[in-house]
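The block underneath contains the structure these notes are about, expressed in structure tokens.
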Amino acid sequence: MERIFAATNISASGLSAERTRMEVVAQNIANANTTRMPDGGPYRRQQVVFSSLLNNQLAGPGGQSGLGGVQVVGIVNDPTEMPRIHQPGHPDADANGFVVLPNVQIPMEMVDLMTANRAYEANLKVLQAFRQQAEQSLSLLRG
């Protein structure tokens, strides 16, 4: 019975992972102009790290593990350089008048948001197709 619901479990894990990715992108966009965080520096862009899951119950021939979906293994800071602008009147400017800005680029965040949204929609379509097939199977069994 587990094999029947394997696709739904994989899609559900994808939905959860992509939702997390969209939340992180939204947080990045919200903090695109934040020059002072509680730790003292500017906001640093975050990225979601995914990992594929292997499922031993779906082992194929030769004992190889089957796919089991995806999981979020962490949210890491983007190590790219932080831009600096000369703005002497800014409250967070250094002695030379430079302000360190977050390394968030709105166009890149929008691309990440769109790809996460498309992946979310694809996983949702798989679940809808499975439900439709299950309903058709049940109606054939009744009929």
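Here, each number is a calculation from the coordinates, and none is a lab measurement. No experiment lies behind these values; they were computed from the predicted model shown. Glycine also receives a Cβ, built like all others from the backbone with ideal geometry; neighbour counts cover every protein chain displayed.
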Task: Cut-off 13 Å between beta-carbons: net charge of the residues surrounding Met22, Lys and Arg +1, Asp and Glu -1 - done: -2
TODO: State the label only: which of (1) 1.05; (2) 1.21; (3) 1.10 corresponds to Rg/Rh (Cα atoms, Kirkwood Rh) computed from the shown model?
DONE: (2)
Task: the chain: angle of helix 6-30 to the longest principal axis, Cα-based, in degrees nearest 10 - done: 10
- [ ] Could you let me know the centre-to-centre spacing of the range 79-143 and the range 1-24, using Cα atoms, in angstrom?
- [x] 17
TODO: Could you grab the relative contact order for the range 6-142? Cα pairs under 8 Å, six or more apart, rounded to a whole percent.
DONE: 31
- [ ] Give me the angle, in degrees from 0 to 90, between the Cα long axis of helix 106-142 and the longest principal axis of the Cα atoms of the chain, rounded to the nearest 10.
- [x] 10
Open item on the list: Taking 0.36 nm per residue of sequence separation and subtracting the Cα-Cα distance, how much length would be gained by fully extending the chain between Lys125 and Leu54, in nm to one decimal?
Closed with: 23.3 nm
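Determine the calculated [θ] at 222 nm for the chain from helices alone, applying -39500 (n - 2.57) to every DSSP H run no shorter than 4 residues and normalising by the residue count; nearest 500 deg cm²/dmol.
Mean residue ellipticity at 222 nm (helix-derived): -15500 deg cm²/dmol.
Give, in nm to one decimal, the length gained when the segment between Arg19 and Gln133 is fully stretched (0.36 nm per residue of separation minus the Cα-Cα distance).
Numbers: separation 114, 0.36 × 114 = 41.04 nm, distance 2.55 nm.
Net length gain for the segment: 38.5 nm.
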TODO: Report, by chain and number, residues whose modeled amide H sits under 5 Å from the one on Gln46, excluding near sequence neighbours (fewer than 5 apart, same chain).
DONE: Asp78
Open item on the list: Starting from the 7 Å offset along Cα-to-Cβ, what nm value, one decimal, do you get for the label separation of Ile75 and Ile4?
Closed with: 3.8
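Starting from the Cα-Cα distance between Gln27 and Thr115, subtract it from 0.36 nm times their residue separation and give me the gain in nm to one decimal. Write out the running numbers ahead of the final one.
On the way: separation 88, 0.36 × 88 = 31.68 nm, distance 1.62 nm.
Stretched fully, the Gln27-Thr115 segment lengthens by 30.1 nm.
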